[in-house]
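S.K.: I'd like to ask some things about the structure below.
The values are calculated or read from the model by the stated rules, or taken from the named source; none is laboratory data. Here the structure is a predicted model, which is why all the values come from computation and not from measurement. Using ideal geometry, Cβ is built from the backbone for each residue, glycine included, and neighbour counts are taken over all protein chains shown.
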Amino acid sequence: MDRLRLILKFATMGPLSHSCKATFLLFALQNDRESVKVLQTRGVIQHTAGEMMSDELDQIEQQLEELDKKSEECFQKCQIRSAVRIAKEATRLAKTHGLAVHYMRGLFDQMRFGHGLLDPQATREASVELVLLLENEEQARRIQPNLDEGHYQWLCSWMSTCAYDNLAEATGMMSGFNSEGMHECINEGLQVCRQTGKMECVKCFREYAADVYFAADDLEMVRHQCESLLEYRKDGSDNKDRRWSGHHKLGKLLILEGRLELAIQELNKAFELSVAEDVYLKTRSKLLVAATLDEALMLAGKPRFDWGSVASEFPEEGEWLYIELRRSMCDALENVLSGNFDQAIETLTEWDRRLTEQNCHKDWFEVRLRLIAAYLLSNNQKRAEALTKGLEASASEAQDFLTLRRLEQLFNEETATSPVAALQESGNAAVDSSSQAGEESTSDNAESGDDSDDAEAETPLGNILAEIMQRLMLAPEDETVREQVLEEFLSYTPSRIEDPRDGAYLVHLSQFVVQGTEDATRVWPWALQILEAFFDDPVTVSVVAAIGNYFRQADPGAFESITVEQLEAWFKRSTSPKVTHAKNFSRAGDFYLDEGNLGEAERCYSRGFRLKRTEPTVVLPLADVYRQSDRPRDALAVLDLSLREGADDQSIAWEAAMTALQIEQFDSVLTYMDKFFALGEPQTWAHYYRGVALMQLGRHEESLLAIDAENEFDPPGTFHLSAIKLCNLIALGQDQEQIDSIFTEVLDEQLSEIDYLSLNGLVRLFGHIWEHSKHLPANHLLRTKLEHQLLVAGFLPDTYFDGLREQIEETKTVNFFNVQIRQPLNEAWKDSRGCLYGQDEWTEYQREWGVLAESEEAATNFVLAFQSRCEELPAEIVDVHTDEVDYIDRPGVVWQGMHWTTDDLAGNESDDESDDELFGA
């Protein structure tokens, strides 16, 4: 109240200048809403606010708009330092005058401009502050309490994806792109893209993902991400042309692989596309590609890029530090190649120092590698080795496996030293760049054959342990045998174990004979003794951590001493950069998945996958992580690469087929199903999914044969088979009597009794039937019955409503309304066509409708008219939302949601499992 009294005192002392009144008003608005109310009652705010809005704020906002325009012009010309300076000026001005939107715009510009100044800390700080304002409206209202909510929400939709992308990039520049938390940034960023509807921004995270995979030393996954960037539709639906970036990154990759002619081809494509119509920053893109092309040409022994051709577009010195770094690296490379090592070393040393001071790790890694190469080529081995220590330590901390491999390659005496620390000598492995990812082996230099926890290697106890497990497998239900085996395991104290691989395998096998907490409490102290004896063996540490996590998850009360922090420390120790055992990373990934840390789980699985492409314990969970984060194409890339590398696990082929089906790559579904059949015996559902793919490809006769074959595998029901058979028969246009018979059979099926299909499975099936039924006459009785079935179940496709609205005259003033209804149900519900499995006890449900209408009343009338056709009892309107945006469109329903209950959303908590159940008793 002291602040309020002070404001009131000065506000009522007598005549004040407009600027003074504005200052008091802004102070009140920024700091105390109660003050605002009092000022309003005393007539102070109305007068000063009006005058300030018309005089002071109008001028300030105009000034801010001019600053924004000027900073953007500088950015387009690559005058980065000037652009950042102007953006900072705008930010200060906006905050001084309590204008939150302009303040956020200033931060936004600082963030996106700043990368070119090689100061990731400043960029990160601007990104963090902006994200906080975007995530918390109250934070924004501290700057401007009267902030318009609609404008703020629009700003969030516009800025959020870029804020996350730039925050991730700045963090990667500082800490390394494969450091802890970086994979999670991809997941979060993609989710923000989907939440805000800015799907064109997914490409930004594809570029970011490529950098992550570069650091993770998985060049095949880099290729996959680059191929995604090459997808572009010039039809107005894709306003982000990032093809130049995809070719640019492929060029960099090919340089590392020593495939210089192909690299030059890719970079020439990138240079050409850098000025395409929908490229945002043409000058920036062109100059970045030019620098990489310059290096590729020199390495190939060709004349340098003609920098004079772009001299007029080059910014003044000091404006864009990153391009100055790249030009200096090019000049240093020329000096190295011409034998002028001192000059090259001087140049690289200066940038090494500057990047270190700026904590710009990503670029520092590159410069330090080239500096070490220059010293090696100048025969100064001692200095090169001295520089190696710091780089190795930093790259290890950042988990930058590519830098570590390139560093190791520099000291490989069997190959010539590359001035750019390439992985292979120039000209090696010149494979056509159009080859698919995975066609060439990627396991060199990284894959480990050490599978000691599987006891495949010869060890002192190998034969004994194999014999023990054979006894157990021959009598899996014999309790006496199980207890004997457990006692034998526990008898192997550290003093009896010579080889750490035997110790790790003993601990690994013990989990298969543990039944209940009592057994577990005996095994755990024994496992800790083995851990202490072989603490320097990564596999032993990993296996003990894994069984500790298993025990802790099964009975937290009995294993309180096993903490998450201790387990994480062990898993980190077992997955250090020098570890090449894929299953260690698999176990660590499982731990992080249990802890709900999807990003770290992904990072561990990714490294395991790089080490061993065919290992199911990393391939399958990594693909699943990608699917969970809505990245099915990445999941398929992993599964496909694994199969190309020779994976013989049938489940990998199955998951590949199901993922291909999800993204509608039906030819690929058939390829993966063929692989599935080749790797093992067919099973239920296999021929069905093959039949679905064949149907989608228009191979209806073959599809019918596949559906018939499915009947031989004791399917759980016949509805799905009849549905696909119906679609094929309609498409073939044969035997209308049979079509009507099966159509009737499908529509008469009580959906509440179908427990073997998921909701998505039902929706897809009815979608197939709906699409194929279009071949039937519009007034066909069964087609009309199908329409009612889809309506009551909530399965009607958007195209149905599009067709209805096409019959209505276009209106200039329609808004989009989201209408939520509550539908009471009576006894007839359980026999309703809309009642699905598990819903027969419902007494009501809720549903949302999307509507274009001239008013809220018109929108609710549309909804109630359709909903009245679903159930006998009248529905109630629960909520109506509109975006308050005017559209020129035809009014009517746009989409229908599926029904749900509040219990569904809350979720039903299952009863706690007993300890014995969790331990497998």
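S.K.: For the range 761-768, state whether one or more residues are outside any helix (DSSP H, G or I) and exposed (fewer than 15 other Cβ atoms within 10 Å of the Cβ).
M.R.: no
S.K.: A further question follows. Could you look through the range 730-739, keep only residues that are surrounded by 15 or more Cβ atoms within 10 Å (Cβ to Cβ) and in contact (Cβ under 8 Å) with a residue 24 or more places away in the chain, and pick out the one that is nearest to the chain's Cα centre (by Cα)?
M.R.: 731
S.K.: Okay, next question. Return a yes/no flag: does the range 429-446 have any residue that is at pLDDT 85 or above, farther than 30 Å from residue 499 by Cα, in a loop (DSSP other than H, G, I, E, B) and outside the structural domain of residue 503 (by TED's automatic domain parsing).
M.R.: no
S.K.: I'm told residue 793 meets every condition in (1) aliphatic (A, V, I, L, M); (2) crowded, with 20+ Cβ neighbours inside 10 Å; (3) closer than 20 Å to residue 692 by Cα except one. Can you identify the failing condition by its number?
M.R.: Here residue 793 meets the rest and fails (3).
S.K.: Name the residues in the range 383-407 that are in contact with a helix residue (DSSP H, G or I) (Cβ under 9 Å, 6 or more places away or on another chain) and of a type in the set (D, E, K, R), would you?
M.R.: 383, 385, 392, 397, 400, 406
S.K.: Still on this structure: I'd like the full set of residues that are more than 37 Å from the chain's Cα centre (by Cα) and basic (Lys, Arg), limited to the range 297-331.
M.R.: 302, 304
S.K.: Give the residue, chosen from 588, 637, 601, that is more than 30 Å from residue 391 (Cβ to Cβ) and either more than 23 Å from the chain's Cα centre (by Cα) or not assigned by TED's automatic domain parsing to the domain that holds residue 768 (or both).
M.R.: Residue meeting the stated conditions: 637.
S.K.: Keeping to the range 856-873, report how many residues are touching a strand residue (DSSP E or B) at 6+ places or on another chain (Cβ under 9 Å) and touching a residue at least 12 places away in the same chain (Cβ under 8 Å).
M.R.: 12
S.K.: Out of everything in the range 362-381 that is under 23 Å from residue 168 (Cβ atoms) and out of contact with any Leu (no Cβ under 8 Å at 6 or more places or on another chain), what residue ends up being modelled with the lowest pLDDT?
M.R.: Checked the range 362-381; the qualifying residue modelled with the lowest pLDDT is 362.
Here's the yes/no breakdown for (1) among the acidic types (Asp, Glu); (2) out of contact with any Phe, Trp or Tyr (no Cβ under 9 Å at 6 or more places or on another chain); (3) closer than 18 Å to residue 418 by Cβ:
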| residue | (1), (2), (3) |
| --- | --- |
| 322 | no, yes, no |
| 344 | no, yes, yes |
| 351 | no, no, no |
| 367 | no, no, yes |
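S.K.: Would you check which residues across the range 113-133 are assigned to a helix (DSSP H, G or I) and surrounded by fewer than 22 Cβ atoms within 10 Å (Cβ to Cβ) and list them?
M.R.: Matches in the range 113-133: 115, 117, 121, 122, 125, 128, 129, 131, 132.
S.K.: With without any contact (Cβ under 8 Å) to a residue 12 or more places away in the chain, assigned to a helix (DSSP H, G or I) and charged (D, E, K, R) as the only criterion, which of 565, 602, 532, 560 stands out?
M.R.: Residue meeting the stated conditions: 565.
Here is a yes/no grid of residues against (1) among the hydroxyl-bearing types (Ser, Thr, Tyr); (2) assigned to a helix (DSSP H, G or I):
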residue	(1), (2)
671	yes, yes
674	no, yes
684	yes, no
698	no, no
704	no, yes
708	no, yes
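S.K.: May I ask you to list the residues in the range 711-725 that are within 23 Å of residue 663 (Cα to Cα) and over 36 Å from the mean Cα position of the chain (by Cα)?
M.R.: 725
S.K.: Also, quick follow-up: For the range 668-677, state whether one or more residues are free of Cβ contacts under 8 Å to residues at least 12 places away in the same chain, outside the structural domain of residue 762 (by TED's automatic domain parsing) and of a type in the set (A, V, I, L, M, F, W, C).
M.R.: yes
S.K.: Being of a type outside the set (Asp, Glu) and within 24 Å of residue 727 (Cα to Cα) is true for just one of 660, 635. Which residue is that?
M.R.: Exactly one residue qualifies, and that residue is 660.
S.K.: Are any residues in the range 769-790 part of a helix (DSSP H, G or I) and in contact with a helix residue (DSSP H, G or I) (Cβ under 7 Å, 6 or more places away or on another chain), and if so, which ones?
M.R.: 769, 770, 772, 773, 782, 783, 785, 786, 789, 790
S.K.: In the range 92-143, which residues are without any contact (Cβ under 8 Å) to a residue 24 or more places away in the chain and not small (Gly, Ala, Ser)?
M.R.: Matches in the range 92-143: 92, 96, 125, 129, 132, 135, 136, 137, 138, 139.
For every residue, the table says whether it meets (1) more than 27 Å from residue 181 (Cβ to Cβ); (2) not assigned by TED's automatic domain parsing to the domain that holds residue 494.
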{"position": "512", "(1), (2)": "yes, no"}
{"position": "515", "(1), (2)": "yes, no"}
{"position": "570", "(1), (2)": "no, no"}
{"position": "579", "(1), (2)": "no, yes"}
{"position": "593", "(1), (2)": "no, yes"}
{"position": "597", "(1), (2)": "no, yes"}
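S.K.: Sticking with this structure for a sec: Any chance the range 497-515 includes a residue that's surrounded by fewer than 19 Cβ atoms within 10 Å (Cβ to Cβ), at negative phi and more than 44 Å from the chain's Cα centre (by Cα)?
M.R.: yes
S.K.: Inspect all residues belonging to the range 113-122 and state whether any of them is under 18 Å from residue 65 (Cβ atoms) and either hydroxyl-bearing (Ser, Thr, Tyr) or touching a Phe, Trp or Tyr at 6+ places or on another chain (Cβ under 9 Å) (or both).
M.R.: There is at least one residue in the range 113-122 that is under 18 Å from residue 65 (Cβ atoms) and either hydroxyl-bearing (Ser, Thr, Tyr) or touching a Phe, Trp or Tyr at 6+ places or on another chain (Cβ under 9 Å) (or both).
S.K.: Any chance you could count how many residues in the range 654-688 are buried (at least 22 other Cβ atoms within 10 Å of the Cβ) and closer than 26 Å to residue 630 by Cα?
M.R.: 10
S.K.: Restricting to the range 714-747, give me the number of residues that are of a type in the set (Gly, Ala, Ser) and outside any helix (DSSP H, G or I).
M.R.: Total meeting the criteria: 2.
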